[in-house]
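The values are calculated or read from the model by the stated rules, or taken from the named source; none is laboratory data. All values reported here derive from a predicted model rather than from experimental measurement. All Cβ positions, glycine included, derive from the backbone under ideal geometry; neighbour counts span all protein chains shown.
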C-alpha cells in the first residue's frame, strides 16, 4: 500500500506532465487531478504545495538541474523532467524532508513511470543537487556511513565453526 505522500507525488508527476504539455496553471491542474480515481488517498496539502512550488520555481529548478544533466534540458523526457523537478523542489524547498527521502521517492517514481534505467539517471542528478543545496546534511550522512561499527561492550566474537585457519 502506497503512503499518502507517495500518492501525492504520483499525482504531482501527472500534473507536472500536463503542465509541460499544456501550460495549465497549478489551479487548473489541481482541478483535473481532483477528478482522478484515488485522489482522496493522496496527501492533498502536500500535493498542492508540490505542484504550485514546482511550477512557481520552475526556472530556478531548471537552472539548478540543467548543468547536472548529460544532455540538453529539452532532450530530457517529460516524465523524467517532472520527476527531477519534484525531487529538486523537495531538496531545495522542503528542508523538513531528509534529502535521501526525496531522492528515494524520485527513484521510485522513475522506476514506476520512467524509461529503462531512468531511475539511475534521476538518482545521479538528484544526488548532485543535494550535495549542492544541502552540503552539510550530505556530508553528515556520508560521515555516518563511514563510521566503523562499534563492538558490543562485554561481548566477544563467537568462535568460527568452519575449517580452522592456519
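Name the residue, out of 13, 47, 36, that is at pLDDT 95 or above and assigned to a loop (DSSP other than H, G, I, E, B).
Numbers: 13 fails: assigned to a loop (DSSP other than H, G, I, E, B); 47 fails: assigned to a loop (DSSP other than H, G, I, E, B).
After ruling out the rest, the residue left standing is 36.
Which condition breaks for residue 78 when tested against (1) within 15 Å of residue 19 (Cβ to Cβ); (2) under 16 Å from the mean Cα position of the chain (by Cα); (3) crowded, with 16+ Cβ neighbours inside 10 Å?
Result: residue 78 passes all but (3).
On the basis of being crowded, with 17+ Cβ neighbours inside 10 Å, within 16 Å of the chain's Cα centre (by Cα) and in contact (Cβ under 8 Å) with a residue 40 or more places away in the chain, does residue 84 make the cut?
Yes, satisfied.
With the structure loaded, tell me whether residue 61 is within 21 Å of residue 112 (Cβ to Cβ), free of Cβ contacts under 8 Å to residues at least 60 places away in the same chain, touching a helix residue (DSSP H, G or I) at 6+ places or on another chain (Cβ under 8 Å) and surrounded by 16 or more Cβ atoms within 10 Å (Cβ to Cβ) or whether it fails that test. Reasoning before the result, please.
On the way: within 21 Å of residue 112 (Cβ to Cβ): no; free of Cβ contacts under 8 Å to residues at least 60 places away in the same chain: yes; touching a helix residue (DSSP H, G or I) at 6+ places or on another chain (Cβ under 8 Å): yes; surrounded by 16 or more Cβ atoms within 10 Å (Cβ to Cβ): yes.
Judged against the criteria, residue 61 is not a match.
Do the conditions hold for residue 138, that is, is it over 22 Å from residue 51 (Cβ atoms), more than 13 Å from the chain's Cα centre (by Cα), modelled with pLDDT under 95 and surrounded by 15 or more Cβ atoms within 10 Å (Cβ to Cβ)?
yes
Out of curiosity, is residue 74 assigned to a helix (DSSP H, G or I) and modelled with pLDDT under 95?
yes
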